[in-house]
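Visitor: Structure in structure tokens, see below.
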Amino acid sequence: MNRKHAKEIESNVSNVDLKEMFDKAKEGVKDWSAPSVCNKTLTKGFAWNCLANNFNVDNFVHPLGKINMIHEFGEFLPKKFQPIPKKKKKIVPSHQEPVFK
């Protein structure tokens, strides 16, 4: 998920949805040593420790924190929050046989 979509989704996501996202991410992330989406100098494991380790549903989460959480682990959000992928048009190239004189 890119940062633009994370900003759009942030106001509609509740802390319960974020908790579900973190539960799915805990099981779904295969490589915790991969670079973080939010900060390429950190790993996904480091991002998890900063964003999700002590997450409490009852506490207030700053909107910027929510944006970073969604940006990093947004692919694990419920389907209703996932952006609708745009269909790519298939480009068929024009072709002519070469003319050798």
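Each reported figure results from applying straightforward, stated rules to the coordinates on display, with no laboratory input. Here the structure is a predicted model, which is why all the values come from computation and not from measurement. Every residue, glycine as well, gets a Cβ built from its backbone with ideal geometry; the counts of neighbours run over all protein chains shown.
Visitor: Grab the beta carbon distance between Asn56 and Trp32, set R0 = 30 Å, and tell me the FRET efficiency rounded to 0.05.
Guide: After rounding, the FRET efficiency stands at 0.85.
Visitor: While we're looking at this one, here's another question. Charges on Cβ only, +1 for Lys and Arg, -1 for Asp and Glu, centred on the Cα centroid of region 3-81; of Asn54, Asn39, Leu64, which one is farthest towards the dipole's positive end?
Guide: Asn39
Visitor: Run through region 51-101 and list the chymotrypsin sites (Phe, Trp or Tyr not before Pro) located in a DSSP loop whose Cβ has at most 12 other Cβ atoms within 10 Å.
Guide: Filter output for region 51-101: Phe60, Phe100.
Visitor: Suppose every Lys and Arg Cβ carries +1 and every Asp and Glu Cβ carries -1, with no other charges. What dipole size does the chain come out with about its Cα centre, to the nearest 20 debye?
Guide: Taking the Cα centre of the chain as origin, the dipole is about 680 debye.
Visitor: Moving on to the next point. Fewest first, what order do Met1, Met69 take by the number of other Cβ atoms within 10 Å?
Guide: Neighbour counts put them in this order, fewest first: Met1, Met69.
Visitor: Set the Förster distance to 30 Å, then compute FRET efficiency between Lys90 and Glu8 from the Cβ-Cβ distance, nearest 0.05.
Guide: 0.60
Visitor: Where does each of Asp31, Asp17 land when they are ranked from fewest to most other beta-carbon atoms within 10 angstrom?
Guide: Values: Asp31 9, Asp17 18.
The order, fewest Cβ neighbours first, is Asp31, Asp17.
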